[in-house]
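A.B. asks: One structure follows; several queries about it will come next.
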Amino acid sequence: MSRPIVLLMEESTGEVVNAELDMDIGPHDLEVLESIWGPLRREAARRLAKEHGPESVPQHWQWDWRRKGPLLRFPTFRCMGIRYKDELHGIVLVDADRYVAQIEPDKSKPLMYVEFLEVAPWNISIGGTKRRFTPVGPRLMEAVIRFSEDEGYHGRVGLHSLPQTHGRGGGGRGRHRLSGFSLGR
């Protein structure tokens, strides 16, 4: 079965490439991902903390995707990723069971909840670095919306933003904020 195409742009050349959406990321994929992303995150975190202070290090860089693998044993969890040339450029873990919308007109209706979303360290622009591919995060969210539609949630999606994103367009006051959106159905 072929994977859906996801269009990404290579930032250095402006070239649009056909990446693929992998709807079945498994525990082994998470092991491989963490073995590649982990050392890159740690090195970049050391550099950022030294140059710009510890608050400049993205909070999600503390995640270890290997530890999220056991969640995939539960049928309501799904892990999806964007691949280009067999390399993962972004990943999202969703739960289709425990959450309901908090915003009208869909209030109290079930939604697809984003537990974790991360783009590869080379696709983040921090401290003056250029991204390799863009827009990986938004493409993952589009995939979650489509999955929400396919699963009968009518495009309803929710997530909590990390506290560090508040003030960067990640929205809201307080420690965490439940964000929700749908495609207007």
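A.B. asks: Give me the distance in nm between label points sitting 7 Å out from Cα along the Cα-to-Cβ direction at Thr76 and Thr13, one decimal.
C.D. replies: Here the answer is 4.4 nm between the modelled labels.
A.B. asks: Ok, one more. Kirkwood-based Rg over Rh for segment 51-109 (C-alpha set), two decimals?
C.D. replies: Ratio of gyration radius to Kirkwood radius for segment 51-109: 1.10.
A.B. asks: So which residue, out of Leu111, Leu93, Leu72, gets the largest mean-square fluctuation from a GNM of the chain using Cα contacts under 10 Å as springs?
C.D. replies: Sorting by GNM fluctuation, first place goes to Leu72.
A.B. asks: Moving to a separate point now. So how do 138-151, 3-16 stack up, highest first, on mean other-Cβ count within 10 Å? Don't jump to the answer; show the numbers that get you there.
C.D. replies: Working: 138-151: 18.0, 3-16: 12.7.
Result, highest mean first: 138-151, 3-16.
A.B. asks: In addition: Express the relative contact order of the chain as a whole percentage, based on alpha carbon pairs under 8 Å and six or more residues apart in sequence.
C.D. replies: On the way: 317 pairs, mean separation 34.6, N = 185.
Relative CO of the chain lands at 19 percent.
A.B. asks: Just to be sure I understand: with springs between alpha-carbon atoms less than 10 Å apart, which residue in Gly90, Gly152, Gly137 has the highest mean-square fluctuation in the Gaussian network model of the chain?
C.D. replies: Gly152
A.B. asks: Quick one: angle between helix 27-52 and the longest Cα principal axis of the chain, in degrees between 0 and 90, rounded to 10, please.
C.D. replies: The helix 27-52 is inclined about 50 degrees to the chain.
A.B. asks: Dipole of segment 12-147 (Lys/Arg Cβ +1, Asp/Glu Cβ -1, origin at the Cα centre): which of Ile145, Gly38, Tyr113 lies farthest to the positive side?
C.D. replies: Among Ile145, Gly38, Tyr113, the one farthest towards the positive end of the dipole of segment 12-147 is Gly38.
A.B. asks: When the helix-only estimate is applied to the chain (DSSP H runs of n ≥ 4, each -39,500 (n - 2.57), divided by the residue count), what is the mean residue ellipticity at 222 nm, nearest 500 deg cm²/dmol?
C.D. replies: Values: 2 runs with 41 residues, N = 185.
Helices in the chain give a 222 nm mean residue ellipticity of -7500 deg cm²/dmol.
Taken together, the values in this text are just the output of simple stated rules run on the coordinates, not laboratory data. Keep in mind that this is a model prediction, so the values were computed, not measured. Using ideal geometry, Cβ is built from the backbone for each residue, glycine included, and neighbour counts are taken over all protein chains shown.
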